[in-house]
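Everything on this sheet refers to the single structure shown next.
The values are calculated or read from the model by the stated rules, or taken from the named source; none is laboratory data. Model, not experiment: these values are computed from the prediction. With ideal geometry, Cβ positions are generated from the backbone for all residues, glycine too; neighbour counts draw on all protein chains shown. Ligands, DNA and RNA are excluded from the accessible area calculation, which covers all protein heavy atoms including side chains. Shrake-Rupley method; radii C 1.70, N 1.55, O 1.52, S 1.80 Å.
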Amino acid sequence: MYRYDTYDQAMVDARVEEFRDQVRRRLEGHITEDQFKPLRLMNGLYLQLHAYMLRVAVPYGTLSSAQMRMLGDIADKYDRGYGHFTTRQNIQYNWIKLEDAPDILADLAKVEMHAIQTSGNCIRNTTSDQYAGAAADEVVDPRPYAELIRQWSTFHPEFSFLPRKFKMAVIASDTDRAAMKLHDIGIQIVRNEAGELGAAFYVGGGMGRTPMIAPCINPFVPLDQMITYSEAALRVYNRHGRRDNKYKARIKILVHELGKDEYTRQVEAEFQHLLGQNIEPPLAELERIKAQFADPPFEKIGTVPTFEIDRSDPDFALWVDNNCLAHKQSGYIAATISLKPIGGIPGDASGEQIRLMADLARDYSFDECRVTHAQNIVLPHVRKDQLYALWQQLDAAGLGTPNLDLVGDIIACPGLDYCSLANARSIPVAQKIGQRLAAKQQEIGELKLKISGCINACGHHHAGHIGILGVDKKGTENYQLLLGGCEGADTSLGQITGPGFDEDGIVDAVEKATQFYLAQRGEGERFLDTYRRVGMPAFKEAIYG
Amino acid sequence: MAEVQYRFRDDEPVADPGVTVGAFGEQSNASAVRLEPGDEARDLIPHLERIRLVEVNFPVFGDGRGYSSARILREAGYTGELRAVGEVLVDQIAFMRRCGFDAFAPDVPLDPADADNAFGRYGEVYQPTIDGLAPIWAKRHG
């Protein structure tokens with residue numbers, strides 16, 4: 001994985017000192033809260049309902065064991081013993097003191113980490129496929145391209161005060177595991193007929209109050225023009241994106257209002273201009289980064305005799321079937337650690353659990369782990385004959401829940417329990433649904449359920465097979481139900497079923513939807529497949545009838 | 001009009017305030033122009049020969065269109081003074097320098113010590129701009 005050189009390190013060290021200075025000026029009253037806000041926001045520090053929240057960047061979700069261990073230590077030292085993994089593959093801490101924030105950044109810098117641009121109207125942390133470098137279906141490891149974008153977007157002088165936040169994702173397989181088309185810019189690394197690699201640009205996707213699926217504006221940008229093309233796409237947005245209404249300020253609105261063709265025309269014109277400005281890093285830089293993402297030293301089959309999984313323990317076998325993915329290297333497997341225990345808070349882990357996962361990454365997965373946008377942790381490279389020993393340690397620590405992509409594997413935003421924007425609580429709803437359907441979830445099979453506590457859609461409710469949106473209805477919490485959303489290659493947006501529900505009512509409604517699915521499903525159909533075949537009216541009847 | 005607090009040029013400053021882009025097109029003797037966030041910076045490109053000062057207004061610091069205006073003018077070869085005016089805050093001036101601003105007239109004067117820190121904070125940069133600093137990737141590959 002990528003390691004900082006002295007230049008990268010100097011950058012984060014300078015940022016620590018800058019932020020220490022900014023906090024000092026705020027605490028001494030030299031700057032107002034209004035002036036401090038964009039500064040702390042660009043450092044991932046939010047003032048929430050009860051305390052400051054600090055969001056730490058995990059570029060493309062990849063962590064070394066030393067980095068993961070530091071995240072656990074920070075949870076214990078500066079928070080109340082927990083960290084919360086987020087849908088941008090980051091981690092956030094909900095109980096931070098402002099005066100501690102510079103010291104936390106200094107601790108992070110010791111392990112080549114930072115909180116740069118994890119909030120604010122700038123280019124945010126670039127996300128990627130959590131199985132990058134391990135998945136059998138990828139054209140190439142997408143992370144070097146994401147790292148190139150990370151460096152280009154860090155302290156970009158022109159794009160630090162955009163109309164609104166800006167999220168990018170990079171993938172390199174047709175199976176989109178990063179919700180790429182629901183990003184401001186989604187890039188898919190593809191190979192053309194001549195065998196050359198290039199970047200397909202999808203621009204103007206997003207969730208929030210106006211969900212949109214990004215159209216492809218250029219199917220093949222050569223790799224030695226990718227940064228220049230990104231700069232052109234951003235410049236058109238920075239100049240012409242709406243600034244009169246924050247709810248219409250995302251790039252998706254610009255692309256929608258101009259139309260894809262006109263937006264593309266403007267980007268292409270700006271691109272032709274910028275090609276003359278020599279802003280593109282040389283391919284040698286991409287090669288330098290790529291070399292750091294070389295495969296770990298996998299052992300070849302045959303050198304170890306017992307390279308198979310012993311499935312004699314049924315609990316283990318269930319976990320393998322649910323939580324593990326085939327690896328490109330025979331004899332290895334990618335294992336997902338679910339942070340969704342029944343009745344738990346989605347994405348939360350204690351400091352102790354985080355440190356254990358760090359140790360397991362070191363001992364079983366070539367020192368590497370990943371954060372997923374579904375708020376779980378992946379150990380990407382586990383030797384199959386060591387999987388049982390790994391699982392036993394996970395299970396003993398409450399980290400062996402076998403529910404990846406099942407109804408209990410819920411994405412939920414922090415909601416009204418923490419967030420100052422929320423209209424309704426998300427976490428208790430997730431907990432109740434998880435408990436209600438726990439016994440049925442294996443039978444139900446794949447069902448992605450996503451909950452947002454307000455229309456900003458941090459819980460990705462538009463993209464859930466079942467989505468739940470918390471709203472404020474005359475002062476009480478109310479929950480709308482959506483069906484049929486999906487991220488990935490066949491991205492679709494969920495549709496609202498009808499009138500909303502109270503907290504108990506939404507749990508009942510979800511249960512009814514799953515019961516109707518079980519009664520209707522055809523051979524091999526997932527919930528989503530049955531919904532798409534049967535349609536909204538029949539589900540509506542089953543839920544409200 | 002706010003005082004120019006920082007100026008990184010040796011030539012004689014233009015005393016006249018900048019005229020609007022609309023008025024500039026009509027007044028063939030004007031040498032100073034003021035760009036508002038929504039103005040099209042590229043409209044000035046045919047007239048760069050006679051422009052000695054462009055004031056780029058930041059009515060609120062969060063409106064970042066002026067950064068693009070500045071780079072567009074510099075990329076087009078403009079070498080006159082590029083002055084940031086309006087809500088110019090200490091934490092934005094380093095970004096502005098990188099985009100080609102070489103003069104600053106903040107509505108509220110900056111604390112000199114804080115401003116010195118801000119101008120000198122980042123010795124390394126990831127992106128090339130017209131400020132001439134070599135990006136990190138250029139140093140890596142000499």
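At-a-glance table
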item: Accessible surface, per residue, of chain B when the full set of protein chains is kept, probe 1.4 Å, Å²; result: 43 Å²
item: Antiparallel bridges, percent of DSSP beta bridges restricted to the range A:427-488 (to nearest 5); result: 65 percent
item: Heavy-atom accessible area per residue - chain A, 1.4 Å, Å²; result: 35 Å²
item: Dipole magnitude of the protein assembly as shown about its Cα centre (Cβ charges: Lys, Arg +1; Asp, Glu -1), debye to nearest 20; result: 1000 debye
item: DSSP beta bridge pairing in the protein assembly as shown, given as percent antiparallel to the nearest 5; result: 65 percent
item: Anisotropy class of the range A:173-283 from Cα gyration tensor, a/c 1.5 cut; result: oblate
item: Local electrostatic count at A:Gln292 - Lys and Arg +1, Asp and Glu -1, tallied over other residues with Cβ under 9 Å; result: +2
item: Cα gyration tensor category, rounded, prolate or oblate, for the protein assembly as shown with a/c compared to 1.5; result: prolate
item: Top of B:Pro106, B:Pro46, B:Pro59 by mean-square fluctuation, Gaussian network on chain B, Cα under 10 Å; result: B:Pro46
item: Interface area, B with A, accessible, probe 1.4 Å, both sides summed, Å² nearest 100; result: 3700 Å²
item: Between helix B:65-75 and chain B: long-axis angle, C-alpha atoms, 0 to 90°, nearest 10; result: 90 degrees
item: Furthest towards positive pole of dipole, A:Gln520, A:Tyr237, A:Pro144, structure part chain A, Cβ charges; result: A:Tyr237
item: Gaussian network model of chain B, Cα within-10 Å springs - most flexible of B:Arg98, B:Arg121, B:Arg71; result: B:Arg121
item: Accessible surface of the protein assembly as shown [probe 1.4 Å, protein heavy atoms]: carbon and sulfur percent; result: 49 percent
item: Shape of the range A:100-241, Cα gyration tensor, a/c cut at 1.5; result: oblate
item: Helix-only mean residue ellipticity at 222 nm for chain B, each DSSP H run of n ≥ 4 adding -39500 (n - 2.57), per residue, nearest 500; result: -6500 deg cm²/dmol
item: Selection from A:Leu41, A:Ala200, A:Val190 lying farthest towards where the dipole of chain A points positive, charges on Cβ; result: A:Leu41
item: Farthest toward positive dipole pole in chain B [+1 Lys/Arg, -1 Asp/Glu at C-beta], among B:Ala30, B:Phe61, B:Gly123; result: B:Gly123
item: The protein assembly as shown - Cys residues lacking any other Cys C-beta under 4.7 Å; result: A:Cys122, A:Cys216, A:Cys324, A:Cys369, A:Cys419, A:Cys454, A:Cys486, B:Cys99
item: Charged-residue dipole, Cβ positions (Lys, Arg, Asp, Glu), the range A:6-124 about Cα centre, Debye nearest 20; result: 320 debye
item: In the range A:1-38, trypsin sites (Lys or Arg not before Pro) in a DSSP loop with at most 10 other beta-carbon atoms within 10 Å; result: A:Arg3
item: Heavy-atom accessible area, 1.4 Å probe, ligands and nucleic acids excluded: residues of the range B:107-133 down by at least 20 Å² from chain alone; result: B:Asp114, B:Arg121, B:Tyr122, B:Glu124, B:Tyr126, B:Gln127, B:Pro128
item: Cross-link reach list, lysines versus A:Lys290, counting only Cα pairs under 19 Å and skipping chain neighbours closer than eight places; result: A:Lys328, B:Lys139
item: Once exposed loop GluC sites (Glu not before Pro) are cut out (DSSP; at most 11 other Cβ, 10 Å), longest piece of chain A; result: A:309-522
item: Mean-position separation - Cα centroids, the range A:366-390 and the range A:145-207, in angstrom; result: 25 Å
item: Neighbour net charge for A:Asp321 - beta-carbon separation under 13 angstrom, K R +1, D E -1; result: -3
item: MRE, 222 nm, helices only [DSSP H, n ≥ 4, -39500 (n - 2.57), over chain A, to nearest 500]; result: -11500 deg cm²/dmol
item: DSSP beta bridges in the range A:134-289 [antiparallel fraction, %, rounded to 5]; result: 75 percent
item: Test item: Cα-centred dipole of the range A:134-289, Lys/Arg +1 and Asp/Glu -1 on Cβ, debye; result: 1080 debye
item: Chain B, relative contact order in percent, only Cα pairs under 8 angstrom and at least six apart counted; result: 23 percent
item: Listed residues B:Pro109, B:Pro128, B:Pro37, most fluctuating in chain B (Gaussian network, C-alpha, under 10 Å); result: B:Pro128
item: Heavy-atom accessible area, 1.4 Å probe, ligands and nucleic acids excluded: residues of the range A:155-170 down by at least 30 Å² from chain alone; result: A:Phe155, A:Pro157, A:Glu158, A:Phe161
item: Interface residues in the range B:29-74 - accessible area drops by 10 Å² or more relative to the isolated chain, probe 1.4 Å; result: B:Glu40, B:Arg42, B:Phe61, B:Gly62, B:Asp63, B:Gly64, B:Arg65, B:Tyr67, B:Ser68, B:Arg71, B:Ile72
item: Among the listed pairs A:Lys77/A:Lys448; A:Lys252/A:Lys450; A:Lys167/A:Lys248; A:Lys181/A:Lys260; A:Lys340/A:Lys540; A:Lys248/A:Lys340, those beyond 25 Å (Cα-Cα); result: A:Lys77/A:Lys448; A:Lys340/A:Lys540; A:Lys248/A:Lys340
